[in-house]
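Here's the structure we're looking at; comments come further down.
The values are calculated or read from the model by the stated rules, or taken from the named source; none is laboratory data. Computed from a predicted model, the values in this text were never measured in an experiment. Here the Cβ is made from the backbone with ideal geometry for all residues, glycine too, and neighbour counts use every protein chain on show. Keep in mind that these areas ignore ligands, DNA and RNA; they rest on the heavy atoms of the full protein, side chains included. Shrake-Rupley method; radii C 1.70, N 1.55, O 1.52, S 1.80 Å.
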Amino acid sequence: MNLVERAALFAKAAHMAIDQKRKYTFEPYHTHPYRVADMVREHGGTDTMIAAAYLHDVVEDTSIGLSAIQKEFGLEVATLVDWLSDMQTPADGNRATRKQIECERLSHAPYEAKTIKLADLIDNTKTIVDHDLDFATIYLQEKTHLLKALKGGHADLWAEANRLCHSGMEKVKVEKELRRERTYRVYINGNRKETVYSEQEAWGVIDKHPMGVGYEVRDADDKIRREFLTY
């Protein structure tokens, strides 16, 4: 097997060994680095870049260390994987601080690492915008800032990542407004219990609680839609 084939199999085995799944879709995790590697290949990446793309989350997400990557795939691949591994912990500061440190670090990365990171960002952005409106708001702000540090990577991938961030922000804005119109707040004995997005879900919350309790269901404008005492 050549370098790229070995990297693909190694990455798949590493992520499957810990039964890692993609958040939201629950697909096997290795499908993500495979898509990233495909993008890098399609945009003229070298074998070293494609191999690193397959391996880009192995050190960060599994117990396999960088020294094992270097031993198996050589210094060039290991160096790129190192650039792409965010090994920070909460001890390094809050989320905003850690993201700023990561931006500054990646601003000094070589073209090859920035290009792989752009492909990674593109694949993650599509998933998050489609599945998690609340986190997407924070995520897109962070990635828009990160894109400034990734200037110098592949120009077409940078443009696509930038487009996705901006179109994602617009989609989140529209979807959140639509969701607001469908928002219902359930109050139990005067205390706000839960926010849901359909009357059916509101009844589901109420059904979980005992009889002899006062309930209110309010809409997004805080108007009472239902008010009653169960017996």
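Observations
- Candidate set from segment 22-38 (those that are without any contact (Cβ under 8 Å) to a residue 12 or more places away in the chain and in a helix (DSSP H, G or I)); member that is most open to solvent (accessible area, probe 1.4 Å): Asp38
- Cross-chain or 6+ apart pairs with Cβ under 7 Å, segment 132-144 first and assigned to a helix (DSSP H, G or I), then of a type in the set (Lys, Arg) and open to solvent by less than 30 Å² (accessible area, probe 1.4 Å): none
- Residues considered: Val174, Val129. Of these, the only one that is hydrophobic (A, V, I, L, M, F, W, C), assigned to a helix (DSSP H, G or I), at negative phi and open to solvent by less than 30 Å² (accessible area, probe 1.4 Å) is Val129.
- Qualifying residues in segment 39-64 (those that are free of Cβ contacts under 8 Å to residues at least 60 places away in the same chain and of a type in the set (S, T, N, Q)) - the one least open to solvent (accessible area, probe 1.4 Å): Thr62
- Scanning segment 94-119 for residues that are under 15 Å from Trp158 (Cα atoms) and part of a loop (DSSP other than H, G, I, E, B) yields Ser107, Ala109, Pro110.
- Matching residues, segment 65-97, being open to solvent by 60 Å² or more (accessible area, probe 1.4 Å) and within 15 Å of Lys143 (Cβ to Cβ): Arg95, Ala96
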